[in-house]
Amino acid sequence: LALNSDPIDGEVEVCVEVLDEQLSIVSPPGGCLVFDQFNWDAGEDVRVRGVPDEVHEGVHSGNVSISVRDTRRMVYPGYESLPPRYQSINILDNNCPSVAPRGQASTPLGACSTLVGAMCVVSCPAGFAPGPNVTLTCYASGEWSGEVPRCSSCLAGFFRAGSNCTTCSSSLSCPAGYYRGACLSHSDAACQPCSPPPASARHTGGGVPFNIDQCPWECSAGYYSSGGGCVACSTQPCAAGLYRNSTCTSANTPCNNCTALPLHAVYSSGGDPYNVDNCSWSCESGWYRSAAGVCLAAGNAVVVTSVSARTLSEGAAAEGHVLMVELQSSGPAPASPVIVALSISDGQATVTPASLSLTALGVPVAVTVMVIDDVVNEGTHATTVAFSVASADAGWDALPLSGITITITDDDCAPLTAPSNGALSGCTGNSAGDACTVSCNADRSPLDPTTS
């Protein structure tokens, strides 16, 4: 403010007064200035400011009046009669609009300030988009950083059921050949057919995981899985002594040994049909097929008619081979006893009894072979039971009888050797069930001893 003429020796007091609640006087106190002959035209400031509130008004205005309050020692009249002057001042708002619910009942969490920089958290009901907590910030422009959400659609994993958003089925499995698809906007996820399995296959379960088009499958009978598809099992006949299984799963049907071959016989064909364990056989030279389906000697013979097992394990003390030895002949019984001596020369097993005295035809006598449990690591090895035949009856004396080979499964480990930076202790042996502790030196790993 300033005067437009010198008050000479007088003084003029001019005051600014706010006329509403939008403005307030900052300085000078009371809003009054005094002019005299020294400062009448210098220009003095009266500072006002907009009153902060939390009302969103946009750009608005406040009003002030400017009037002469008093004159003193005035020589020339004139200022006393000046009427008040009114001034409107524009005010830039620093408030955002109040946050109010809209749409599906989104509500502010607590009272939200509308001043610049204030933040307001808005929440949607469970399952509604964009989620439980949305934070809005009041910018200096008087606008919020985003719109108040309407909460009108559902989040992923939910579907609209009336006025609510309901969780989609998330763990219910579907029947074999089906998987649970995605939720639709207004319906739950439904079981949908999986992609078809390969030809000659069928589904064995629902989707894995439950919501993925990935149903397990298996090949139908007579087919096996290969390269992501099903291949027909082979129906080709096998070689003599072999037959093919009727089913296959993870590989083509292998040929297996037929199981009905008597002693002193050889196979002459494979299974007939190909998948039946009924391979044809015939007796070896010098033997004939009896009505009972076994091979008998064409003349006088000492034969081993059966073997209970051909593989034994060391350490199985109660286990043994049982050999059935008998006299066979297409003629009369021997006039004198036939003595059969049995022996094992390598010390791997024992035979009991070591000698048989046979007189009657077709009467089998049992012989037991027991494996000796040693402490030598030999791996799988074998021994042979040898026979010799003698009789005062020349027709039965010195008859040939081939030895019987027995396979032995070893139960011994190779002896342990202490490591270069460690030691062995508490070693009880190297047979099955024995133990030995290996310890590393203090500066070596592992620190804890290992017992095997």
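The values are calculated or read from the model by the stated rules, or taken from the named source; none is laboratory data. In this text the structure is predicted, and so the values were computed from the model without any measurement. Here the Cβ positions follow ideal geometry from the backbone for every residue, glycine too, while neighbour counts run over all protein chains shown. Calculation scope for accessible area: heavy atoms of the full protein, side chains included, ligands and nucleic acids excluded. Shrake-Rupley method; radii C 1.70, N 1.55, O 1.52, S 1.80 Å.
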For the chain, percent of DSSP beta bridges that are antiparallel (nearest 5) comes out at 95
If unit charges are put on Cβ atoms (+1 for Lys and Arg, -1 for Asp and Glu) and the dipole of the chain is taken about its Cα centre, the option from ALA309, ASN95, GLY270 lying farthest towards the positive end turns out to be GLY270
Taking R0 as 22 Å and r as the Cβ-Cβ distance between ALA199 and ASN245, the FRET efficiency 1/(1 + (r/R0)^6), rounded to the nearest 0.05, comes to 0.50
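What is the mean projected area of the alpha carbon convex hull for the stretch 78-159, to one decimal in square nanometres? Numbers along the way, then the final one.
Values: hull surface 32.1 nm².
Dividing the Cα hull surface by four gives the mean projection, 8.0 nm².
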Measuring from its Cα centre, the stretch 322-452 shows a charge dipole (+1 at each Lys and Arg Cβ, -1 at each Asp and Glu Cβ) which, in debye to the nearest 20, is 180
Between the residues VAL363, TYR79, SER195, the Cα farthest towards the positive end of the dipole of the chain, that dipole coming from +1 and -1 charges on the beta-carbon of Lys, Arg, Asp and Glu, is from VAL363
When the charge dipole of the chain is computed with +1 at the Cβ of Lys and Arg and -1 at the Cβ of Asp and Glu, the Cα pointing farthest to the positive end, of LEU424, PRO353, VAL46, is that of PRO353
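Would you mind getting the accessible area per residue of the stretch 261-385, heavy atoms of the protein chains only, 1.4 Å probe, in Å²?
Values: 6030 Å² over 125 residues.
Per-residue accessible area for the stretch 261-385 comes out at 48 Å².
Determine the per residue accessible area of the stretch 20-63 with all protein chains present and a 1.4 angstrom probe, expressed in square angstrom.
Values: 2760 Å² over 44 residues.
So the stretch 20-63 comes to 63 Å² accessible per residue, rounded to a whole number.
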Sorting HIS56, HIS203 on solvent-accessible surface, 1.4 Å probe, most exposed first, gives HIS56, HIS203
Quick calc: nm separation of the 7 Å Cα→Cβ label points for SER280 and ARG310 -> 2.3
Once all protein chains are kept in place, GLU80 shows an accessible area at probe 1.4 Å, nearest 10 Å², of 100
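Quick check on the stretch 1-146: take the gyration tensor over C-alpha atoms, sort the square-rooted eigenvalues as a ≥ b ≥ c, and tell me if it's rounded (a/c under 1.5), prolate or oblate.
Values: a/c = 5.34, a/b = 4.51, b/c = 1.19.
Note, shape of the stretch 1-146 comes out prolate.
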Probe 1.4 Å, all chains present, heavy atoms only: TYR243 accessible area in Å², nearest 10, is 40
Taking only protein heavy atoms and a 1.4 Å probe, the highest-to-lowest accessible-area order of ARG72, ARG310, ARG49 is ARG49, ARG310, ARG72
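Ignoring any ligand, DNA or RNA, what whole percent of the accessible area of the chain comes from carbon and sulfur when the probe is 1.4 angstrom?
Values: 13510 of 25180 Å².
About 54 percent, which is the carbon plus sulfur part of the accessible surface.
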By the rule of no other cysteine beta carbon under 4.7 Å, the lone cysteines of the chain are CYS413, CYS440
Hull volume per residue for the chain, using the convex hull of the C-alpha atoms, in Å³ is 343
Largest-first semi-axes in Å of the equivalent ellipsoid built from the Cα gyration tensor of the stretch 296-382 are 31, 12, 10
Expressed in angstrom and rounded, the centroid-to-centroid distance over alpha carbons for the stretch 207-244 and the stretch 136-183 is 44
Expressed in angstrom and rounded, the centroid-to-centroid distance over alpha carbons for the stretch 279-318 and the stretch 394-438 is 29
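Would you mind working out the magnitude of the charge dipole of the chain relative to its Cα centre, with +1 at each Lys and Arg C-beta and -1 at each Asp and Glu C-beta, to the nearest 20 Debye? Each step should come with its number before you reach the end.
Numbers: 15 positive and 40 negative charges, 379 e Å.
With only Lys, Arg, Asp and Glu charged at Cβ, the dipole is about 1820 debye.
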Checked the stretch 167-231 against the a/c 1.5 cut and the a/b vs b/c comparison, axes a ≥ b ≥ c from its Cα gyration tensor; verdict prolate
One finds the C-alpha centres of the stretch 35-88 and the stretch 246-278 to be spaced, in Å, by 121
For the stretch 94-205, the per residue accessible area (1.4 Å probe, Å²) is 54
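Ignoring ligands, DNA and RNA, how do HIS321, HIS264 rank by accessible area with a 1.4 Å probe, largest first? Numbers along the way, then the final one.
On the way: HIS321 0, HIS264 50 Å².
Of HIS321, HIS264, the descending order of accessible area is HIS264, HIS321.
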